[in-house]
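Heads up: the structure comes next, in structure tokens.
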Amino acid sequence: MLSYLFVIILSLNAQEIDYRRLVSNADLIYKKPVHRSEAGMPLGNGTMGTLVWTSPSSIKMQLNRCDVFAVNKSTDSFKQRHTDYASGCGFIDINLVSYGKDIFTNNDFIQKLNLYDGEMTLAGDGIKARLIACNDKDVFAIEITDNRDVPAPVNIDLRMLRYSMQYIYGENYELYRDQKIKVKNIGHTALSQLHIKEGNILLTQEFSENDFYNSSALAIGVTGRNSKTRFLNGSTIQLSVEPGNGVFTIYISSASDFEDVNNAISKSLNCLESAKSDTYGRLLSENKLWWHEFWSRSYVDLDSEDGEADLVEKNYTYFQYIMGASSRGEYQPRYGGMLWYTQGDMREWGSQYWWNNQVCYYNAIAPTNRHELMEPMFSMYRKEYDSYATAARQQWASKGIWIPETVWFDGMKEMPEDIASEMRDLYLVRKPWNERSQRFRDYAATKPKHNPRWNWGTVGRWEEGHWIIPEKGLGPFGHVTHIFSATAEIAYLSWLRYEYTQDKEWLLETAYPLIRGAVEFYRNFPNMRKEDDGKYHIYHTNDGEGIWDAHNAFRDIAGIRGITPVLIRASELLGKDDEMRPIWQEFADNISPLPSSDNIKNYPEGKPKFYTGAASPAGRGATDRPVYNIYYDHFTAGTRDIEVLKKANNSFDLMYSDGVDQNTSVHVLDKKPIAAALLGRSEAVKYLIPNQIRSDITPDKDFCDWNGSGNESVLANRMTLREGPGALGAQRLGNAATALNTALMQSVPQAPGEDPVIYLFPAYPENWDANFKLLARGAFLVSCSVKNGKTGEIIIESQKGGTCRIKNPWSGSAVSLYRNGKPVGKIQEELLSFPTVKGEILKLSR
């Protein structure tokens, strides 16, 4: 039956896709060595990763893992910003020359990342290398071919990330004897140790503070050539491979463990030995199968005469590789750095996760039919659900859950009740800020100021040996202190995950608790009040980082108006909380309208009405500027309420009062290209998506440490250092990918919580051609094309059955419907609606 359906799919597709050709359009090819490590090529298996770059004589890496953490939510040792760290496991240098001619110079150099096969290749003078990240085990395999006239030893150096000669009472001799380096910072300890085991070299790390413990192990071994191990110095161990022509293979494994470093050592060595029992060729064949299946799940093939569509396609495909290589572990990769750190522990913004940044990567995933790439994000929040419930109660006297804008990998620390009690009074603006107790001041003094609880503190400085942290000047408010909208947005993405897969178990176990928790937090928030106008108003919250201490912050009202109907729908689907539905419905019916120019005092009659960031006044920030929204299905191709769409379009026009063209600047985090696509603004999309890919991060256009990052916008590997030194990322590619998905196809309801309808090419530029396969809500895998502005036939694979609803792309024309290749009749409606069976292949044609 499966082979029969496969034949049907091939025969019905409007165009047979050459996946190798398509994906290879996005390959990275360097014809000269990059001049900085951050421009290296990314290699990863979703859990461990590295950039690969070269010096004239060596191949270089820093191995990183998504599950290695130096600190957690309980730390009191990193009160200086940008000092906490995570992910790094060790430096690796594969030294090919001791004395003699350099290998990797501009002559005969080539480095290529083959995305379709997931293989990297390197060639220099007399040396070739092939590299893969194994997808079924945490191992890199590197095949070296030495064709030099006079082969030299290949020395593989494994180096610690940190080295400090600190005096530690009673320990220094033992540390020196056992090849250990211990670095202490207040109550935090990082212990690194070099090992030789069974002809392999290892580097382990142990991190501890209070009750927190995490460890990592990195192991390297060789097959196909004799080798010798040696300790070079206190921070470096070497595996020396005998000289000779021909082929040998280097294997690099890693592991993490939260209980005992010996567990990490065992896991790493087991992976290493398992890989060493295979040849590079067999490992490569297995990897190819994995990547080929990955690429077959969806595609986007674009073309335009000016090359702009081709640029978008190349970066879109590359973004899929970046996510496949970095987001399949137990934890999501951090937005700034991901698995691509190259400068040890140094990275701007530390090791916490900022939701507004993280979501740039995950908004784009569901339509690509690669749901496993979102699992690390959901897994991280799901595991710490109880801590977010405690945070809601302790900090805000509310119910449900509060997932802050900025959070540690393991959630929020439970506070002493006396601190929590005072915090509630202070942060809910029930107690004057200047009346803080000394106990509260002392407790806050040691806490990291990027954390939302303490983000009212700003950049610190040393004065006469004391670390002084000034305040931002608005009491308990800071950039991320009172952001509640992250919880609703995460809950909404969990609903989309259900809608795209129709996975009821997912809805029950993951999405429903998140959605319910978000609504119950808002509904029970003490500063949510029903007023004389009969509407619920919310006070003393932030609208993102720009508006502090607001009344009816736009993101909060949008979240409530969007996620509450979804909760009611989910409750009905699961048959849960029957008694709460009327309560939730009353809340949804009476929440304040989205803040708009209607709230601006003396706003001129007859001028365009638009949405604003909050109702006036606010403690800080302009409440009268136009805003947009990309979540909750408020402003889409399917929106029923014409007045709502009119205001949303007016807001968009005011944000671009000079219009949109090839010179319009789009910064890295900007989600306006997505908003343009949702609103059907194809002419704007034509410029905004390419311009975001080319993002200009110079200081007058974006917020970054321009000088510290080396005065470069987009690096050779298509990533940027917008977040600062050590914080490489691809956020803009995620935003551009989301905008493209949305321009090609929307599957959206007429209002939040209702049945979705598929809209094809709702905002796609007229002079661009396209052929795509993307997933729609309802678990419908849709293939379609547009050429010279004309929509081709539509192939729909129903993955779960159910009713398919699609806006007629040939308005006014009858549509022929085929089921599994057989004609079943014509439909002549503007909204096409028909039942489907799981596994059925349908075709629609004019």
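When the residues of region 337-356 are narrowed to those that are in contact with a helix residue (DSSP H, G or I) (Cβ under 7 Å, 6 or more places away or on another chain) and open to solvent by less than 10 Å² (accessible area, probe 1.4 Å), which ends up nearest to G724 (Cα to Cα)? Only one residue tops the list, namely M338. Scanning region 190-208 for residues that are within 29 Å of the chain's Cα centre (by Cα) and open to solvent by 10 Å² or more (accessible area, probe 1.4 Å), we see that the one that is farthest from G281 (Cα to Cα) is S208. In the set E273, E313, only one residue is farther than 30 Å from V71 by Cβ, outside any strand (DSSP E or B), acidic (D, E) and in contact with a strand residue (DSSP E or B) (Cβ under 7 Å, 6 or more places away or on another chain); that residue is E313.
Residues in region 184-222 that are assigned to a loop (DSSP other than H, G, I, E, B) and either under 30 Å from F248 (Cβ atoms) or without any contact (Cβ under 8 Å) to a residue 40 or more places away in the chain (or both): E198, G199.
When F91, F104, F78 are screened for being part of a loop (DSSP other than H, G, I, E, B), closer than 30 Å to F207 by Cα, out of contact with any helix residue (DSSP H, G or I) (no Cβ under 7 Å at 6 or more places or on another chain) and hydrophobic (A, V, I, L, M, F, W, C), only F78 passes. Of all the numbered requirements in (1) in a helix (DSSP H, G or I); (2) open to solvent by 30 Å² or more (accessible area, probe 1.4 Å), H479 misses one, and that requirement is (1).
Would you check if N263 is farther than 24 Å from Y173 by Cβ, open to solvent by 10 Å² or more (accessible area, probe 1.4 Å) and either part of a loop (DSSP other than H, G, I, E, B) or not small (G, A, S) (or both)? So N263 fits the description; yes. The single condition from (1) out of contact with any Leu (no Cβ under 6 Å at 6 or more places or on another chain); (2) in contact (Cβ under 8 Å) with a residue 12 or more places away in the chain that N233 fails is (2). Checking the structure you have, find out if any residue of region 713-723 is outside any loop (DSSP other than H, G, I, E, B) and buried (at least 24 other Cβ atoms within 10 Å of the Cβ). Within region 713-723 (the criterion being outside any loop (DSSP other than H, G, I, E, B) and buried (at least 24 other Cβ atoms within 10 Å of the Cβ)), the answer is yes, since at least one residue qualifies. Scanning region 223-242 for residues that are in contact with a strand residue (DSSP E or B) (Cβ under 6 Å, 6 or more places away or on another chain), in a strand (DSSP E or B), open to solvent by 20 Å² or more (accessible area, probe 1.4 Å) and not hydroxyl-bearing (S, T, Y) gives K228, R230, F231, L232.
For every residue, the table says whether it meets (1) under 25 Å from I132 (Cα atoms); (2) at pLDDT 95 or above.
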site: T189; (1), (2): no, yes
site: S192; (1), (2): no, yes
site: E198; (1), (2): yes, no
site: S216; (1), (2): yes, yes
site: L232; (1), (2): no, yes
site: V241; (1), (2): yes, yes
site: E259; (1), (2): no, yes
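Looking only at region 20-74, count every residue that is open to solvent by 10 Å² or more (accessible area, probe 1.4 Å), more than 30 Å from N214 (Cβ to Cβ) and of a type in the set (V, I, T) and tell me the total. Within region 20-74, residues that are open to solvent by 10 Å² or more (accessible area, probe 1.4 Å), more than 30 Å from N214 (Cβ to Cβ) and of a type in the set (V, I, T) number 3. Of all the numbered requirements in (1) open to solvent by 50 Å² or more (accessible area, probe 1.4 Å); (2) without any contact (Cβ under 8 Å) to a residue 40 or more places away in the chain; (3) not aliphatic (A, V, I, L, M), S813 misses one, and that requirement is (1). Residues in region 713-729 that are in contact with a Ser or Thr (Cβ under 8 Å, 6 or more places away or on another chain) and at negative phi: S713, V714, T720, L721, R722, P725, L728, G729. For region 534-541, check the following and say yes or no: at least one residue is surrounded by 24 or more Cβ atoms within 10 Å (Cβ to Cβ) and either in contact with a strand residue (DSSP E or B) (Cβ under 6 Å, 6 or more places away or on another chain) or modelled with pLDDT of 95 or more (or both). There is at least one residue in region 534-541 that is surrounded by 24 or more Cβ atoms within 10 Å (Cβ to Cβ) and either in contact with a strand residue (DSSP E or B) (Cβ under 6 Å, 6 or more places away or on another chain) or modelled with pLDDT of 95 or more (or both).
Here region 408-453 is the region considered, the condition is being in a helix (DSSP H, G or I) and of a type in the set (S, T, Y), and the residue that is least open to solvent (accessible area, probe 1.4 Å) is Y427. When the residues of region 584-636 are narrowed to those that are under 22 Å from D755 (Cα atoms) and acidic (D, E), which ends up surrounded by the fewest Cβ atoms within 10 Å (Cβ to Cβ)? Filtering region 584-636 for residues that are under 22 Å from D755 (Cα atoms) and acidic (D, E), the one surrounded by the fewest Cβ atoms within 10 Å (Cβ to Cβ) comes out as D589. Of the residues making up region 159-183, those that are touching a strand residue (DSSP E or B) at 6+ places or on another chain (Cβ under 8 Å) and touching a residue at least 12 places away in the same chain (Cβ under 8 Å) number 14. Restricting K137, K128 to residues that are part of a loop (DSSP other than H, G, I, E, B), among the basic types (K, R), out of contact with any Gly (no Cβ under 8 Å at 6 or more places or on another chain) and over 22 Å from D345 (Cα atoms) narrows the list to K137. Considering region 579-680, the qualifying helices (runs of 4 or more DSSP H), each wholly inside and each with 2 or more residues that are closer than 26 Å to V748 by Cβ, in contact (Cβ under 8 Å) with a residue 24 or more places away in the chain and of a type in the set (K, R), run over 642-655. Out of the residues in region 684-712 meeting the condition of being open to solvent by 50 Å² or more (accessible area, probe 1.4 Å) and among the basic types (K, R), tell me which one is nearest to G40 (Cα to Cα). That would be R694.
In summary, A133 fulfils each of the numbered conditions (1) open to solvent by less than 30 Å² (accessible area, probe 1.4 Å); (2) at positive phi with the single exception of condition (2).
The single condition among (1) free of Cβ contacts under 8 Å to residues at least 12 places away in the same chain; (2) closer than 30 Å to W349 by Cβ that T742 does not satisfy is (1). As a summary of the residue check, A26 satisfies the conditions (1) closer than 23 Å to N135 by Cα; (2) of a type outside the set (S, T, Y); (3) more than 24 Å from the chain's Cα centre (by Cα); (4) assigned to a loop (DSSP other than H, G, I, E, B) except for the one numbered (3). Going through region 745-768 one residue at a time, which ones are out of contact with any Phe, Trp or Tyr (no Cβ under 6 Å at 6 or more places or on another chain), part of a strand (DSSP E or B) and either open to solvent by 30 Å² or more (accessible area, probe 1.4 Å) or within 30 Å of A588 (Cα to Cα) (or both)? Within region 745-768, M745, S747, V748, V757, I758, Y759 meet the criteria. The number of residues in region 75-109 that are among the small types (G, A, S) and surrounded by fewer than 24 Cβ atoms within 10 Å (Cβ to Cβ) comes to 3. Just so you know, in region 454-463 the residues that are part of a loop (DSSP other than H, G, I, E, B) and surrounded by 13 or more Cβ atoms within 10 Å (Cβ to Cβ) include one that is farthest from the chain's Cα centre (by Cα), and it is G460.
The values are calculated or read from the model by the stated rules, or taken from the named source; none is laboratory data. Worth saying up front: this structure is predicted, and the values here are computed from it rather than measured. As a convention, Cβ positions derive from the backbone with ideal geometry for all residues, glycine included, and neighbour counts pool all protein chains shown. Ligands, DNA and RNA are excluded from the accessible area calculation, which covers all protein heavy atoms including side chains. Shrake-Rupley method; radii C 1.70, N 1.55, O 1.52, S 1.80 Å.
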